[in-house]
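In what follows, a single structure is set out as structure tokens and then discussed.
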Amino acid sequence: MLEQLLDASLWASVTRALIPVLLAAIGGMICERAGVFQISLEGMMMAGAFAAVAMAHVAGNVVIGSLAAATAAVALALILAFGAVSRKGNPIVLGVAINILAVGLTSFLLPQLFGVRGTFQPAGGVRITRIPVPGLSEIPFVGPVLFNMSALGYAALILIPATWFFLFRTQVGLRLRGVGERPLAAETLGVSPTRYKYLAVVASGVLAGLAGAQLSLGNVGVFAENMSSGRGWIAVVAVLLGRAHPVGVLGACLLFGFAEAFGFRLQGQGMAVQVTDALPFVVTLAALVLARKRFTRLLDLTAGNV
Amino acid sequence: MLEVYRHRASSAVTHPVTLALGAAFGLGGIIIAVTGGNPFAAFSDMLLGAFTGSGLRNTLGRSIPIVAMALAVSLAFRAGILNLGGEGQMLMGALTGTMIAITVPGPGYVVVPLALIGGALVGAAWALLSALGQTRVGVPLLITSLLLNYVARSITSYLVRFPFGEPGAAFATTSPVPPTARIPKMELLGMGRMSISLVFVLALVILLAVAYRRTVVGYESEMIGLSGPFSRYGGVNVERHTVAIMAAAGAIGGLVGTHLVTGETYRYIDADMIAQTGFAWTGLMVALLAFNRPLPILAAGILFAGLQIGGFAMERSSGVSWQLAQVIQALVIVALVSRFVVTWKRTGSDGDAPSEANTDPAHVGSV
Amino acid sequence: MTVELELRGITKRFPGVLACDRIDLTVRAGEIHCIVGENGAGKTTLMSVLYGLIQPDEGEIVVRGERTRIGSPLEAISLGLGMVHQAFKLFPTLTVTENVVFRQEPARLGIIDRKAAVGRVHHLAQAYGLSVDPRATVESLPVGVLQRVEIIKALYREASVLILDEPTAVLTPQERDRLFEVMRRLRDAGRTILFITHKLGEVMAVADRITVLRQGRAVAELDPGATTPAEISRHMTGRDVAPVRRGADEPVGDPVLSIRDLEVEGAHGLATVRGVSLDVRASEIVGIAAVAGNGQSELIEAIVGLRSVRAGHINLGDVDVTHAAVAMRRRAGLSYIPEDRHRVGTAAAATVAQNLLMGYQRSAELGGGRWLLPAVVDRHARDLCDRFSIRAPDTGAAAGTLSGGNLQRLVVAREMSHDSRLLIAEQPTRGVDIGAIAFIHNQILEAKRRGRAVLLVSAELTEIQALSSRILVMFEGRIVADLDPDAVDEAEIGLHMTGGASVGA
């Protein structure tokens, strides 16, 4: 057990499992700070995963694929922004509908555009590759874990301090937090809640789309129906558990990344895949129970004050 | 929850539901056109496939799980309980019911009810995990009910693959349900054979229609959905309602799951059942479209079932993938929620105080 | 002195209410100008017009000689107006500095210059004696300090006119005196202050000029040096001071509500009710007078069953209801008019009929527990609408469409129609029009005459004095005085409410 914990290859697979969830969770965190309840991360990831593979197939280029992923997810994000912010619709219902829409759209377009069902690999097997940092990646343990990631992986890790700086040190970040907390008070002082909420939702779209690209083009190299398989929801929980603070969110994501990687490890040792698949969700549920005092405001929402 | 969809009475044409359906079909048509199909041909294939000939029977058959799941959702949503765990409740109940049907010997009139009761109990128990998690532990039901779907998938997959699996099968499945333990079929209006579950679903529609409109519990649960603090003030036990409603919703999920195997496919095939969990989400959308009211749920459920059955027909004849049906359904909900919202304006200020609210609107979803 | 601000012929109508009726108001630069009036006189509406929150139907606003139209608070701020609301408009999780500089942050390239921001806040605080820690998080601060933050926020935005809307309602006497000190300093530094209140003692203490509003009209402009509280009061009420009398007291009966040594926890696990014992007898109205935040809300919540009790006993008649569910207490004969009628007392999205049912949905007269026939519910609702003059379009209309006065009538109708033996009325007339006030007062007195026990909590001392058979004063979670309303005056009650009697006397 202890040997496994110290094993660098386990930790390398932790970072791999972590990156998509972390990217999506950062987006969710920005929305949470802006006062938009964002539960469509799962659907936006799916849309991103599909668009990334589709455009990488057409263009033969992962950068274009990633941009397409962000664009597709932003399109879904705009549905939430329009419905929940401009029309004051229920964000939970919209989020659920967007998730269903994403599953429907991807499984509709897959046969419609490429004539296949189930999975699809882009032509030439293009995928997002890892970029080892020269020199640093040679460091024992730390090198393979931290300095042998995809560009999106580095971006996700840099985004943690960057988001912290944005939220707590910049004018836009301060106003965004104010809008999230008391939109009417912010409006009285001349800050438009609508504009900041749109900004946050679009940002979450970009990030969840890229998370999808990392998942399909990066981690596996193919698109598979329902491939996000709950990672978007885990990102939602990470925002809750991490109290929408970058450090907390990173911590929560690490926990899930570890659960997933550890599950893979157990699978390698002969444990049934059906059991190990459940591990991240069981860990997530356990963490929710342990952190239970934190959800009073969300509970208010679900206990009949919607 | 309800207030989001409340609307003023208006003519059928400008009714929000009509407009949402129109918008969704319009967008669906555009999607077909953009991806190289003919929307008019596709939609007419869909319509004919859904509501003519054997299509109508298939549509009614498919509306059984959809309407039942929608009724389960309406129970919870009316009371502001955001149960997203229909999937898991269905799967857990389905496997339990199937195993009872396979293993318990005896005549059908004993085994079939036993399987249904077993499925309902386990479905309810699975739903209670989230309910008690919220009322006793303080973890939001919205999140736990959803996460438990994935856990339920794993548990059922494992059980069907290993302990309950048919030995030597190429894929994960149980052995077939013996003919005596299957839910019987009936002749339906000359259209062919139809599961008698349809009768029970219709009975449930009527039961809930009466319960919602004419009973104290129906009133109390609606009030919880409209305002938690107001209900507590009036002596409504919000926690007890939450637990009871979740148990009922989970039981319906378990019944639907059991019906899908012992009434339709006669084998619990893992991959198949995971695909069938789509009924939970279709049911959720039906409940939303019908404003949680039972009779409209029946109508909307048949409509959405028809969309799916028609989708298969459309795929066969026009080559447009049937998943378009799912896209259109989700678009209906998006259109409905985005476009038609009543904004409650407090008319008449509070005497001296101007109508300017002194607090921000309910802050949605903060930690 | 130059004229800073002038309102001419301001008129504002709400459905069924003429909130402001051709009000003229002239405010000179560098004065503390008091706007006084009873509830419903139009004070807050007038200030909301001035601050751009609502638009007047008629009239004009002149700021420093220029006619202007104030379309939004933002425009008001840019004209040098600053408002401190009754309910503060601060961001709880942000720091004091972040709240103050919000949207006008000192920054370079979008990055906030935190040192400069803290420095400016500190400087403003120092200059006017508004002591506050610029780095503290707002949610951790007591209300008195929050008020200072709001004032600093207005000053930071270079407000030359500060509007303080009933600023003393939430303050302890010490905090109030400090606020007055700050107001004088601000005036001496050349700022103009509009001070809205209905407390005459405060008016006499700080005002340079007084404008009295009554029923939407400006009825007098007075000089504090040349007037008396009695004269102001006469202008406010439109009559010589002869408060509504409750009439002769009936002989009281047995205790209906008995509370012994009650302790209740507040929001942060601290005891907010600390050993309260009291009895309310049949044919008796017991009034509880207290400054907001002294445990009276928690006491009421504990009695009605919405907050759990740490120690002590609550008896309703012979029944011990200390830990009983709300429904059980209602069955035992408790009715409750809650302070917050929008959130607690009604559900805005539910129909009038559904709202009128709550709490009695299982009562025998409506079906007896299981069934609830729409026709019966509707008849019940129409009956109550008639008896209590609730003006609603129909019983199927959403309660959220009713005016404040009608909504309160709805709550009163529901709670009084079942003639429970104990009525708890919490701020029953807050923010309702004068017609509804008289109606509600008569209903409460009528309940007493019928032999019911009434526990009344109100921030309005006139209301407490006019209705109560006995007055209990709460201070810091304890009952500190049991007074005879005929033997005390407002000043004495006020002294007890601020803990002054035990310290000073």
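For this structure, a couple of remarks:
- Where residue A:270 falls short, out of the listed (1) farther than 14 Å from residue A:20 by Cβ; (2) more than 12 Å from chain B (Cβ to nearest Cβ); (3) assigned to a helix (DSSP H, G or I): (3)
- Subset of the range A:80-89 that is crowded, with 22+ Cβ neighbours inside 10 Å and modelled with pLDDT under 95 - its residue that is nearest to residue B:42 (Cα to Cα): A:83
- Matching residues in the range C:94-136 - criterion: being out of contact with any Pro (no Cβ under 8 Å at 6 or more places or on another chain), more than 11 Å from chain A (Cβ to nearest Cβ) and not aliphatic (A, V, I, L, M): C:115, C:119, C:123, C:126, C:128, C:129, C:131, C:133, C:134, C:135
- Condition check for residue A:153: over 21 Å from the mean Cα position of the chain (by Cα), within 29 Å of residue A:49 (Cβ to Cβ) and either crowded, with 17+ Cβ neighbours inside 10 Å or within 14 Å of chain B (Cβ to nearest Cβ) (or both): no
- Subset of the range C:311-338 (residues that are assigned to a strand (DSSP E or B) and crowded, with 17+ Cβ neighbours inside 10 Å): C:312, C:314, C:315, C:316, C:334, C:335, C:336, C:337
- Elements of the type helices (runs of 4 or more DSSP H) sitting completely within the range B:8-119 and holding at least 3 residues that are more than 28 Å from residue B:173 (Cα to Cα) and of a type outside the set (Val, Ile, Thr): these cover B:16-34, B:39-51, B:54-78.
- Of all residue pairs spaced 6 or more apart or on separate chains, those with beta-carbon atoms under 6 Å, a first member in the range B:38-52 that is more than 16 Å from residue B:302 (Cβ to Cβ) and a second member that is among the hydrophobic types (A, V, I, L, M, F, W, C) are B:39/B:32; B:39/B:33; B:42/B:32; B:42/B:314; B:42/B:320; B:45/B:313; B:45/B:314.
- Test for residue A:8: is it at pLDDT below 90 and surrounded by fewer than 20 Cβ atoms within 10 Å (Cβ to Cβ): yes
- Test: residue A:71 is surrounded by fewer than 24 Cβ atoms within 10 Å (Cβ to Cβ), more than 11 Å from chain B (Cβ to nearest Cβ) and modelled with pLDDT of 95 or more: yes
- Taken together, the residues in the range A:208-229 that are under 10 Å from the mean Cα position of the chain (by Cα) and within 14 Å of another protein chain (Cβ to nearest Cβ) amount to 1.
- Counted as qualifying within the range A:27-114 are the helices (runs of 4 or more DSSP H) with 3 or more residues that are closer than 22 Å to residue B:322 by Cα and not basic (Lys, Arg), namely A:41-59, A:91-114.
- Strands (runs of 3 or more DSSP E) (entirely within the range C:157-234) containing at least 3 residues that are within 28 Å of residue C:10 (Cα to Cα), of a type in the set (A, V, I, L, M, F, W, C) and touching a residue at least 40 places away in the same chain (Cβ under 8 Å): C:161-165, C:192-197, C:209-214
- Taking the range B:37-80 as the range and being under 30 Å from residue B:223 (Cα atoms) and charged (D, E, K, R) as the test, only B:78 passes.
- Pairs, first facing another protein chain (nearest Cβ under 7 Å) and in contact (Cβ under 8 Å) with a residue 24 or more places away in the chain in the range A:179-207, second among the aromatic types (Phe, Trp, Tyr) and assigned to a helix (DSSP H, G or I), C-beta under 9 Å, six or more apart: A:183/A:196
- Yes/no for residue A:131 being β-branched (Val, Ile, Thr) and surrounded by 16 or more Cβ atoms within 10 Å (Cβ to Cβ): no
- Flag if residue A:282 is within 18 Å of residue A:208 (Cβ to Cβ) and at the interface with chain B (Cβ under 10 Å from one of its Cβ atoms): no
- Yes/no for residue C:104 being on the phi < 0 side of the Ramachandran plot, in contact with an Asp or Glu (Cβ under 7 Å, 6 or more places away or on another chain) and among the polar types (S, T, N, Q): no
- Of all residue pairs spaced 6 or more apart or on separate chains, those with beta-carbon atoms under 8 Å, a first member in the range C:421-444 that is under 24 Å from residue C:169 (Cα atoms) and a second member that is of a type in the set (Lys, Arg) are C:436/C:409; C:440/C:409.
- Scanning the range B:257-291 for residues that are aromatic (Phe, Trp, Tyr) and either farther than 30 Å from residue B:337 by Cα or in contact with a His (Cβ under 8 Å, 6 or more places away or on another chain) (or both) returns B:266, B:268.
- Residue within the range B:327-340 that is of a type in the set (Gly, Ala, Ser), touching a helix residue (DSSP H, G or I) at 6+ places or on another chain (Cβ under 8 Å) and without any contact (Cβ under 8 Å) to a residue 24 or more places away in the chain present: yes
- Selection status of residue C:438, out of contact with any helix residue (DSSP H, G or I) (no Cβ under 9 Å at 6 or more places or on another chain), within 22 Å of residue C:214 (Cβ to Cβ) and in a loop (DSSP other than H, G, I, E, B): no
- Each residue in the range C:412-431 was checked for being closer than 18 Å to residue C:378 by Cα and at the interface with chain B (Cβ under 10 Å from one of its Cβ atoms), and 1 pass.
- Of all residues in the range C:348-376, those being touching a Gly at 6+ places or on another chain (Cβ under 9 Å), more than 8 Å from every other protein chain (Cβ to nearest Cβ) and of a type in the set (A, V, I, L, M) number 3.
So that you can scan it fast, the table gives a plain yes or no per residue for (1) over 21 Å from residue C:428 (Cα atoms); (2) buried (at least 17 other Cβ atoms within 10 Å of the Cβ); (3) in contact with a Pro (Cβ under 8 Å, 6 or more places away or on another chain); (4) modelled with pLDDT of 90 or more:
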position	(1), (2), (3), (4)
C:345	no, yes, yes, yes
C:348	no, yes, no, yes
C:359	no, yes, no, yes
C:372	yes, yes, no, yes
C:397	yes, no, no, yes
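- The condition (being within 11 Å of another protein chain (Cβ to nearest Cβ), touching a Ser or Thr at 6+ places or on another chain (Cβ under 6 Å) and among the hydrophobic types (A, V, I, L, M, F, W, C)) is satisfied by just one residue among A:147, A:166, A:108: A:108.
- Against the list (1) without any contact (Cβ under 8 Å) to a residue 60 or more places away in the chain; (2) over 29 Å from residue B:74 (Cβ atoms), the condition residue B:174 fails is (1).
- Lone unmet requirement of (1) within 12 Å of another protein chain (Cβ to nearest Cβ); (2) at pLDDT below 90; (3) closer than 29 Å to residue B:75 by Cβ for residue B:19: (1)
The values are calculated or read from the model by the stated rules, or taken from the named source; none is laboratory data. Note that the structure is predicted; figures quoted are calculated from it, not measured. With ideal geometry, Cβ positions are generated from the backbone for all residues, glycine too; neighbour counts draw on all protein chains shown.
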